[in-house]
1. Per DSSP H run of at least 4 residues, take -39500 (n - 2.57); add these up for the chain, divide by its residues and hand me the 222 nm value, nearest 500 deg cm²/dmol.
2. Return the long-range amide H neighbours of Ala70 (sequence gap of 5 or more, or a different chain), with a cut-off of under 5 Å between placed amide H atoms.
3. If the cut-off is 26 Å between C-alpha atoms, which lysines fall inside it for Lys287, apart from same-chain ones fewer than 8 positions away?
4. Roughly how far apart, in whole Å, are the Cα centres of segment 13-36 and segment 125-144?
5. If packing is taken as the mean number of other Cβ atoms within 10 Å per residue, what is the order of 175-184, 287-296, highest first?
6. Among DSSP bridges having both ends in the chain, what percentage is antiparallel? Round to the nearest 5.
7. Rounded if a/c is under 1.5, else prolate if a/b is larger than b/c, else oblate: which is segment 256-318, with a ≥ b ≥ c the root eigenvalues of its Cα gyration tensor?
8. Hey, can you grab everything whose amide H is under 5 Å from the amide H of Ile218? Only 5+ residues off in sequence or another chain; H modelled, so Pro and N-termini drop out.
Amino acid sequence: MYKIAGGAALYLNSCDAGCGSPVAVSQVAIDHNGTPLGATWHLNTVPADGTTLETPSSETGRIYKVAGGAPLYLNSCDADCGSPVEVNQYTIDNRAVPLGAVPHLNIVPANGVFLRGWDTGAIYRIAGGAPIYISDCGAIGFAGCDMPFVSVMQYTIANSGAPAGGAAHLNVVPANGTLLLGLPSNTVWEVVNGERQLAGSSSSAVGVNDASLSSIPILASTASSGSSGSGGSGSIGSGGSPTSLAHTGVVPGPSCVVPNLHHMVIAGVRRALTKAHCRLGTIHKPKHVRRHHMLRVIRQSSRPRTNHRLGYPVGVTLK
């Protein structure tokens, strides 16, 4: 039994996810994208970007959003759950096919796909299955960050695209052999065991801005040769090993630097917090407000210019 989601046929191991009134087709139709060999496809290999999937409440009741063919877990529908297609948890965990069949979901998103943290506004690009933070969209040809992206929660980015204890759908670091193109320097790097070394030019390299590479250490042999390129590598110590490059897995996004919200109206507060990579926390306001009175911030829960984790909630008191 299969169910169509985002143009792709996803296998159901149980009708707990709702089988409806099935249309009979051959297995060849499923395995060959609904066409004879060489003809125009009538089924996608994987669901389209942005497709949302939901597992039955009798199983796990989780929501996933597809990006680059992979299902990424959403811990909140703030990132827009749309109209989810109900599938089994087995579907998510087993690439949407019975054992040994042609996969209709990827384990991790395809190279080059962009993700945006809904609650922080941070942009990431997938390379070797890992989300790499893009600190300068203009450097990779998208001034104003106007690239097509899939909106997910920052939790999704920080937790390998999975719920606690669930199967990961994002890598912590790019897979071995992943090629990265640092821009605007046009320096090509190859990822080896979570570190990077200079590589020859390649059309398959994933473009990221140079500064985004600063959290991926340079392989000692590359560093000791004195050829660090211009990939934003940080300083190189005399012993030939990178310094000031604490590697934390996913290349980190920006921190929340709390803005001064005093005397702002709530719309301005939301804009300022989003721009500062924070989010709005608890709002306190008076029980009775005079007609036509514009409520403004008189107090905020965190002092201006203090640094906190990405997406940190800042509460306000209005009067």
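Read the figures in this text as sums done on the coordinates, not as results from a lab. This one's a predicted model, so the numbers in the text were calculated from it and none came from an experiment. Using ideal geometry, Cβ is built from the backbone for each residue, glycine included, and neighbour counts are taken over all protein chains shown.
1. On the way: 5 runs with 30 residues, N = 319.
Only helices count here, giving -2000 deg cm²/dmol.
2. Amide H to amide H, under 5 Å and 5 or more residues apart or across chains, Ala70 pairs with Asn106, Ala110.
3. Lys319
4. Here the answer is 37 Å between Cα centres.
5. Output ranking for 175-184, 287-296: 175-184, 287-296.
6. 70
7. Values: a/c = 2.42, a/b = 2.15, b/c = 1.13.
Since a/c reaches 1.5 and a/b is larger than b/c, the shape of segment 256-318 is classed as prolate.
8. Distant-sequence amide H within range of Ile218: Arg196.
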